[in-house]
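Visitor: Can you read through this structure? Questions will come right after.
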Amino acid sequence: MIKKIIALIFLISSVLIASPIHAEPNGGPLFQANCASCHAGGTNRIMANKTLKKEALAKYDMDSKEAIVKQVTNGKRAMPAFRGRLKSSQIEAVAEYVLSQAEKGW
Ligand code: HEC
C-alpha cells in the first residue's frame with residue numbers, strides 16, 4: 001500500500017514537473033505575473049471584446065508575434081506599456097505564449 005502511494009506521488013510529481021514544456025520556457029510565468037490581472041485565461045477584464053482568443057486576435061490583426069510584441073511594448077489605450085518593465089526577450093516569450101495558448105483554445 002505504502003509502495004503504491006509512493007509510486008503514485010512520483011508519478012504525479014513527474015507529470016507536474018514535465019508539463020510546463022510549452023513553446024517558450026518563461027512565457028507562462030511571465031503571463032501570469034504581468035498579464036493575467038487583465039487577461040486571465042485569455043479573457044479581457046477591461047475591454048470584453050478584445051480577448052486573447054484566436055478569433056479576437058485574428059479580428060483585430062493581433063494574430064502575429066510582431067503585432068503582440070508591438071502592443072505589449074508600447075501599450076494601447078487602457079493597456080499599459082511594458083517597455084522598461086520587461087526585456088524584449090521576455091516580451092517575445094510572452095507573445096509566443098499568447099499565440100500558443102490561443103491555438104490551444106486557452
Ligand atoms: C491593465 C490591464 C492590462 C494588462 C495588465 C495587460 N493588458 Fe493586454 N489589453 C488590455 C486592454 C484594455 C486591451 C485592449 C486595448 C485596445 O485595443 O484598446 C488589451 C489588448 C491586448 C491584446 C490584443 C487583444 C485583441 O483581441 O485585440 C493583446 C494581444 C494583449 N492585450 C496582450 C497582453 C499581454 C501579453 C500582457 C502582459 C504582458 C497584457 N496584455 C497586459 C489590458 C491589459
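Visitor: Select from segment 65-106 the residues that are of a type in the set (Ser, Thr, Tyr) and within 10 Å of the ligand (Cβ to nearest atom) and list them in ascending order. Full working, then the answer.
Guide: Initial filter on segment 65-106 (of a type in the set (Ser, Thr, Tyr)): 73, 88-89, 97, 100.
THR73, TYR97 - these are the residues of segment 65-106 that are of a type in the set (Ser, Thr, Tyr) and within 10 Å of the ligand (Cβ to nearest atom).
Visitor: Continuing with this model, one more query. From GLY105, GLY75, GLY84, GLY42, which residue is crowded, with 19+ Cβ neighbours inside 10 Å, out of contact with any strand residue (DSSP E or B) (no Cβ under 6 Å at 6 or more places or on another chain) and at positive phi? Don't jump to the end; show me each part of the working.
Guide: On the way: GLY105 fails: crowded, with 19+ Cβ neighbours inside 10 Å; GLY75 fails: crowded, with 19+ Cβ neighbours inside 10 Å; GLY84 fails: crowded, with 19+ Cβ neighbours inside 10 Å.
Selected residue: GLY42, the only one of GLY105, GLY75, GLY84, GLY42 that is crowded, with 19+ Cβ neighbours inside 10 Å, out of contact with any strand residue (DSSP E or B) (no Cβ under 6 Å at 6 or more places or on another chain) and at positive phi.
Visitor: Taking segment 63-87, which residues are in contact with a helix residue (DSSP H, G or I) (Cβ under 6 Å, 6 or more places away or on another chain) and part of a loop (DSSP other than H, G, I, E, B)?
Guide: ASP63, ALA81, PHE82 - these are the residues of segment 63-87 that are in contact with a helix residue (DSSP H, G or I) (Cβ under 6 Å, 6 or more places away or on another chain) and part of a loop (DSSP other than H, G, I, E, B).
Visitor: Next question, about the same structure. Is one or more of the residues making up segment 65-72 hydrophobic (A, V, I, L, M, F, W, C) and in contact with a Lys or Arg (Cβ under 8 Å, 6 or more places away or on another chain)? If you could, list the steps in order and put the result at the bottom.
Guide: Filtering segment 65-72 down to residues hydrophobic (A, V, I, L, M, F, W, C) leaves 67-69, 72.
Within this subset, residues satisfying the condition of being in contact with a Lys or Arg (Cβ under 8 Å, 6 or more places away or on another chain) are none.
No: segment 65-72 contains no residue that is hydrophobic (A, V, I, L, M, F, W, C) and in contact with a Lys or Arg (Cβ under 8 Å, 6 or more places away or on another chain).
Residues checked against (1) more than 10 Å from the ligand (Cβ to nearest atom); (2) outside any helix (DSSP H, G or I); (3) more than 18 Å from TRP106 (Cβ to Cβ); (4) among the small types (Gly, Ala, Ser):
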| residue | (1), (2), (3), (4) |
| --- | --- |
| PHE31 | no, no, no, no |
| SER37 | no, no, no, yes |
| GLY41 | yes, no, no, yes |
| ALA58 | no, no, no, yes |
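Read-outs: derived from the displayed coordinates by stated rules, not from any lab. Owing to the predicted nature of the structure, the values given are computational and were not obtained by experimental measurement. We place every Cβ from the backbone using ideal geometry, glycine too, and count neighbours over all the protein chains shown.
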